[in-house]
Amino acid sequence: MTTAELLKKVRKIEITTRGRSRQSFTGGYHSAFKGQGMSFSEVRAYQFGDDVRNIDWNVTARSGEPHIKIFEEERDLSVLLMADMSGSAFWGSTDRSKQEWIAEICATLAVSADGNHDKVGLLLFSEKPELYLPPKKGHDQSLRLIRELLNAEPSEKGTSISAAIQFTYNILKKRSICFILSDFQDEGYESSLRMLARRHDVVGLHCFDPRERDLPDLGLVRWRSGEGGYEQWIDSSDPDVRRQHTAVFEQNLARAANTFRLAGADFLSLSTTQDFTSPLRELFEKRTNK
């Protein structure tokens, strides 16, 4: 991808996600992910309906009129977007790859975090951590995240979610919000995820292309693994082959969903052909109402 093409894509995603975030996400994000407490803001005159427990008795005594203390939410939250950039992320059966789609989701979350004056960072990983940008505030940070996501060239093809989680656990000392975006074609990360979820607020976003779930009837086709690099010929016209293909996908999805549930973390599965706005908004609302 040339620099001009990259900048064009970055700009397109930025415009799309800023509009989407303003319309659907900023308020829901704010409610779903609470700050670390409340801090004193100011004192004002008491008004009918105010909580009498917040009366400032010293100011009240000096002024002769009741005054109350006003508190504001202490946010200063940090968000880390952990994006799987293994070989399978660069494949897609539609007009965009999973990599581009993950970039859109990350951009939307980054803009929402920025709109709430929270810090946002990025971890790109494959079999190992590939790139880490520490959480920072500001518009420039959001733009850089998009550029890095679209321009990712990982050195490895496979996936190690456990390695990404261990890196995150070691690097983030303050409680943060961690979004893990992956197709979760991996095993053995259960204990690492439980460890991460005890310290941080974790959300798993399962990102998949519909052809990874439903194999079309195309006759004899050559199937290539995006991560393992192996190829094989399969008869996609055979109903048993298609059923087995779907069964493997469903088993992997169920395992991932159960792993996050047992860790006490949220989990959401999203197809590249669907609008992720509504499912994410519903997740935010669910968290708000807990």
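Against the definition (part of a strand (DSSP E or B) and either in the same structural domain as Arg147 (by TED's automatic domain parsing) or surrounded by 23 or more Cβ atoms within 10 Å (Cβ to Cβ) (or both)), how does Leu122 come out, yes or no?
In short, yes.
Determine, yes or no, whether Asp95 is charged (D, E, K, R), assigned by TED's automatic domain parsing to the domain that holds Ile177 and touching a residue at least 24 places away in the same chain (Cβ under 8 Å).
no
Restricted to the range 149-161, and to residues that are of a type in the set (A, V, I, L, M) and surrounded by 24 or more Cβ atoms within 10 Å (Cβ to Cβ), which residue is farthest from Leu133 (Cα to Cα)?
Restricting to residues being of a type in the set (A, V, I, L, M) and surrounded by 24 or more Cβ atoms within 10 Å (Cβ to Cβ), the top hit is Ile161.
Among the residues of the range 174-183, how many are within 19 Å of Arg194 (Cβ to Cβ) and either buried (at least 21 other Cβ atoms within 10 Å of the Cβ) or within 14 Å of the chain's Cα centre (by Cα) (or both)?
Qualifying residue count, the range 174-183: 6.
Just to check your reading of the model, which residue among Ile171, Ile146 is closer than 24 Å to Asp118 by Cα and surrounded by fewer than 22 Cβ atoms within 10 Å (Cβ to Cβ)?
Ile171
Among the residues of the range 154-179, which ones are touching a strand residue (DSSP E or B) at 6+ places or on another chain (Cβ under 9 Å) and among the small types (Gly, Ala, Ser)?
Listed by number, the residues that qualify are Ser155, Ser160, Ala163, Ala164, Ser176.
Do you know which residues across the range 241-251 are touching a strand residue (DSSP E or B) at 6+ places or on another chain (Cβ under 9 Å) and of a type outside the set (Val, Ile, Thr)?
Those that are touching a strand residue (DSSP E or B) at 6+ places or on another chain (Cβ under 9 Å) and of a type outside the set (Val, Ile, Thr): His245, Phe249.
The values are calculated or read from the model by the stated rules, or taken from the named source; none is laboratory data. This structure is a prediction, so every number in the text was calculated from the model and none was measured. Here Cβ is always computed from backbone atoms with ideal geometry, including for glycine, and neighbour counts include all displayed protein chains.
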